[in-house]
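I have placed the structure first, in the form of structure tokens, so that the comments after it can refer back to it.
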Amino acid sequence: MIEVRLFATLREGRGKIVKLDFKTNFNGIQLLEDLKIPQEQVSIFLINGHHQSFEKLLSDEDIVSIFPPVGGG
Amino acid sequence: METTSYNGKLLRINLTNSQITSESLNLDLAKKFIGARGLGTKILMDEINPTIDPLSDDNKLIIMTGALTGAAVPTGGRYVVVTKSPLTGMIACSNSGGEWGAKLKYAGFDGIIFEGKAQSPVYLSICDEKVELKPAEALWGKTSSETEEILKAEYEKSSVLNIGPGGENKSLMAAIMNDADRAAGRSGVGAVMGSKNLKAIVVQASRNNIPVTDSEAMRKEMLIAMKKIKEDGVTGTGLPTYGTAVLVNIINETGSFPTDNWQGSYDENAEIISGETLAEKYLKGTYHCHRCPIGCGRVVEREGKNIGGPEYETLWAYGGNCGVHDIPTINEANFWCNELGIDSISVPCTIASAMELYQKGYISEEECDGVPLTFGSKEAVVEWTKRIGLSQGKLGALMAKGSQRLCDAYGHPEFSMSVKKQELPAYDARGIQGIGLNYATSNRGGCHVRGYMISPEILAHPELLDRTKTEDKATWTKIFQDLTAVIDSMGMCLFTSFALGADDYANFLNAGTGTTHTVDSLLEAGERIYNLERIFNKKAGMKAEDDSLPKRLTEDSIVDGPSQGQKNHLNIMLPEYYAARGWVNAFPTEETLIRLGLEENDRS
């Protein structure tokens, strides 16, 4: 199982947390496709709290956190 | 005379003898140090001995607008307060938005230098060129909003800057407030104003614009900048929709959200106090400062009235750091910070350190006087905020001096999460290396907005750096600090830098003031300001070891969350940073000072 946490505007129509069954050879590009999130809407893509590229292969039990462009200070 | 966006005029108010004088601004000096932060620091350096007691008559309170404050530039309405800080004993430079800064510029002045001390409370009224000191006994003791309401009833269409009881009581964490909820919040600048018996400054202005050197170039750059700000995801959508509060979830997801006075770094309940929850359940509107197209200010409701809502820092400081997962309580505590005129970062962080002292048995239940300092207590955060603002009771008065003095008094300085005695903001520097370097080297003590390394290390802006690595952090931190010094000196909001680059700022400044800055010369001007602040600190008694982090960040690993096991490696980054700056043992070399044209300032 992969837990996908969505934030800010990415929650609209998708909810806060989406759980996906783990598949082998599954990466961020496919995950975003499954969730119908255009890559250009993603500014911060974390796997287990660390920034990763969309190409990185996901492991079972991974937590993915996805944010649109947001900031502050 | 050359047309520029400077008025070319400063007000000097001697509070001891009530003398008011208007003097010419040295335009060459203004251009060299840009304005606001840079120019204010230069004037302070020239006029006070940095070793003086910050709360004595000898300190000066300089309130300065930026080169482009009041001009037709996005967010061009800010002012800064420069003085010697009673909290850090070093340079204080706090800036604020709202309308007040632009109003002062429209009234005809670039800044005000306050010196001496009034015998009894006074306020200053500025109605264009007519400037008067007036008795303020009737205002003394009033909260910030009460003071503003009384003065606005007398002065139509005015803007009011004031201190609350926090400044009157000389809390070392006292802020200067303006336009309801805007604050020059950090480093205890409100205590300096209180020490001078100065309650408020009310400004009326007939003008609503200022001339610039090249209005056509300014108009062109304005269109370019507005387009960039609207199209950028952060300034065009993220900040308007969620404010800075959106950071709660982001920083927490990276395991860099300090909890319980930095004992933990991941908050299982962050969602409850997040920007998303704030927007969904509590948001009543947004607030835009002068000429701001972003509108990051939050408006929430309290007892049927709209009030200013909390920033990210405040949500974290009360929410994560004191363990209170309840937005209405945080709104209430934030309300009292604003009413009493105290810093909504340092105050809750001091409460958090007191909570750790209480948790570990160093502060007794009896000393808590009916309100135990228990992590997570809603009652405690509101009540102790009030006690700090009013310097109430023995412990309240001690806590009003900030976390370092509190923890020193109990023999546990290590529980003060501060740099140079100023409380750290909301990002755990163990999992984010560069922000730790910025904290350690910030001239005004613990601060995120001297060089916001969160931008590249977390927000991937303008590009992503590995937050866990130390490589390249020295040069990035230096550039961020130098560019920030420029933006602060221009009178624009730092948030524009999510969308604008150094070339945009150079174009704005050149159009406004007739300078011929390139990106390189602009960054060098920022470097000059950063070095000038550092010389002030050196003369004020700063030591090399003051460029440090609390031991908890360099010796104790994070115990929970995604950044578990990490520490800050300041010892690796600091020598690289000094090399990049041309400093040895924390201070500029003679060669660096000559390169920046500052050699005269280093002499005693």
**Message:** Along the Cα→Cβ direction, 7 angstrom out, place labels at B:LYS284 and B:ASP472. What is the inter-label distance in nm?
**Reply:** 4.6 nm
**Asked** What is the local net charge at B:LEU55, summed over the other residues whose Cβ is closer than 15 Å to its Cβ (Lys, Arg +1; Asp, Glu -1)?
**Response** +3
**Complete:** Plugging the Cβ-Cβ distance of A:SER53 and B:ILE479 into 1/(1 + (r/R0)^6) at R0 = 25 Å yields, to the nearest 0.05, a FRET efficiency of 0.50
**Message:** Students often forget the sequence filter, so: which lysines lie under 21 Å Cα-Cα from B:LYS84 once same-chain residues fewer than 8 apart are removed?
**Reply:** B:LYS42, B:LYS60, B:LYS117, B:LYS170, B:LYS196, B:LYS199, B:LYS401, B:LYS420, B:LYS421, B:LYS538, B:LYS539, B:LYS543
**Request:** Taking a cut-off of 20 Å between Cα atoms, list the lysines near B:LYS473, but don't count ones fewer than 8 places away on the same chain.
**Result:** B:LYS567
**Complete:** Relative contact order of chain A (C-alpha contacts under 8 Å, at least 6 apart) in percent is 43 percent
**Request:** State whether segment B:44-182 is rounded, prolate or oblate according to the following rule on the C-alpha gyration tensor (a ≥ b ≥ c being the square roots of its eigenvalues): a/c under 1.5 gives rounded; otherwise a/b larger than b/c gives prolate, and the remaining case gives oblate.
**Result:** oblate
**Asked** Can you work out the FRET efficiency for the pair B:THR589 and A:GLU12, with r the C-beta to C-beta distance and R0 = 41 Å, to the nearest 0.05?
**Response** 0.15
**Prompt:** Where a ≥ b ≥ c are the square roots of the eigenvalues of the C-alpha gyration tensor, would you call segment B:442-512 rounded, which needs a/c under 1.5, or, failing that, prolate if a/b is larger than b/c, or oblate?
**Reply:** prolate
**Complete:** One quarter of the C-alpha convex hull surface, i.e. the mean projected area of chain B in nm², amounts to 23.7 nm²
**Request:** Could you size up the charge dipole of chain A around its Cα centre, putting +1 on the beta carbon of Lys and Arg and -1 on that of Asp and Glu, and report it in debye to the nearest 20?
**Result:** 240 debye
**Message:** Counting heavy atoms of the protein chains only and a 1.4 Å probe, report the per residue accessible area for segment A:2-67 as a whole number of Å².
**Reply:** 51 Å²
**Prompt:** Tell me, what is the FRET efficiency for B:THR51 and B:GLU129 to the nearest 0.05, using R0 = 41 angstrom and their Cβ-Cβ distance as r?
**Reply:** 0.65
**Fill in**
Karplus-derived 3J(HN,Hα) from phi for segment B:78-86 (6.51 cos²θ - 1.76 cosθ + 1.60, θ = phi - 60°), whole Hz, x at Gly and Pro, runs 8, 10, 10, 10, 10, 6, 7, 6, x
**Prompt:** Does segment B:503-604 come out rounded, prolate or oblate, given a ≥ b ≥ c as the square roots of the eigenvalues of its C-alpha gyration tensor, rounded meaning a/c under 1.5 and, failing that, prolate meaning a/b above b/c?
**Reply:** oblate
**Request:** Normalise the Cα radius of gyration of the protein assembly as shown by 2.2 N^0.38 Å (N = residues in it) and let me know the number.
**Result:** 0.91
**Request:** Within the set of other residues whose C-beta is less than 14 Å from the C-beta of A:ALA8, count the net charge using Lys and Arg as +1 and Asp and Glu as -1.
**Result:** -1
**Request:** Please report, to one decimal in angstroms, the Kirkwood hydrodynamic radius of segment A:2-67 built from all distinct Cα-Cα pairs.
**Result:** 11.7 Å
**Asked** Got a sec? Charge dipole of segment B:37-195, +1 on Cβ for Lys and Arg, -1 for Asp and Glu; which of B:PRO50, B:GLY111, B:ALA174 is way out at the positive end?
**Response** B:PRO50
**Fill in**
Any GluC sites (Glu not before Pro) in segment B:291-369 that lie in a DSSP loop and have at most 16 other Cβ atoms within 10 Å would be B:GLU303, B:GLU365
**Prompt:** Just how many % of Cα pairs in segment B:188-299 lie over 21 Å apart, if you round to the nearest whole percent?
**Reply:** 63 percent
**Prompt:** Placing +1 at every Lys and Arg Cβ and -1 at every Asp and Glu Cβ, with all other atoms neutral, what dipole size does the protein assembly as shown have around its Cα centre, in debye to the nearest 20?
**Reply:** 1220 debye
**Message:** Restricting to bridges with both residues inside chain B, how much of the DSSP beta-bridge set is antiparallel, in percent to the nearest 5?
**Reply:** 80 percent
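For B:GLY323, what is the net charge nearby, where nearby means another residue's Cβ is under 9 Å from its Cβ and Lys, Arg count +1, Asp, Glu -1?
Within the 9 Å Cβ shell, the charges total -2.
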**Message:** Of all beta bridges DSSP finds with both residues in segment A:2-67, what is the antiparallel percent, to the nearest 5?
**Reply:** 75 percent
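Suppose only helical runs count, i.e. DSSP H with n ≥ 4. What mean residue ellipticity at 222 nm does that imply for chain B under -39500 (n - 2.57) per run, divided by all residues and rounded to the nearest 500 deg cm²/dmol?
Values: 22 runs with 218 residues, N = 604.
Helix contribution divided over all residues of chain B: -10500 deg cm²/dmol.
Pairs of alpha-carbon atoms within less than 8 angstrom and 6+ residues apart define the contacts here; what relative contact order does chain B have, in percent?
It rounds to 16 percent for chain B.
Loop only by DSSP, 10 or fewer other Cβ within 10 Å of the Cβ. Give me the GluC sites (Glu not before Pro) in segment B:430-504 that pass, ordered by residue number.
B:GLU463
Report the rotationally averaged projected area of segment B:10-80 based on its alpha-carbon convex hull, in square nanometres.
Quarter of the Cα hull surface area: 5.6 nm².
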**Item:** Segment B:LYS227-B:GLN19, length gained on full extension (0.36 nm per residue, minus Cα span)
**Value:** 70.2 nm
**Request:** Mind checking which lysines have their Cα closer than 19 Å to the Cα of A:LYS56? Skip sequence neighbours fewer than 8 apart in that chain.
**Result:** A:LYS19, A:LYS23, A:LYS36
**Fill in**
Rounded to the nearest 100 Å², the accessible area buried between A and B, both sides, probe 1.4 Å, is 2000 Å²
**Request:** Mind giving me the nanometre distance, one decimal, between the label points for A:GLN30 and B:ASP369, set 7 Å out from Cα along Cα→Cβ?
**Result:** 6.4 nm
**Request:** Take each complete run of DSSP H in chain B, measure how far its Cα atoms stretch along the helix's own axis, and keep only those covering 20 Å or more with mean Kyte-Doolittle hydropathy at least 0.0; list them.
**Result:** B:473-490
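The values are calculated or read from the model by the stated rules, or taken from the named source; none is laboratory data. Bear in mind the structure is a predicted one, so any value in this text is a computation, not a measurement. Quick reminder, even Gly has a Cβ in these numbers, built from the backbone with ideal geometry, and neighbours come from all protein chains shown. In case anyone asks, the SASA skips ligands and DNA or RNA and just uses the protein heavy atoms, side chains included. Shrake-Rupley method; radii C 1.70, N 1.55, O 1.52, S 1.80 Å.
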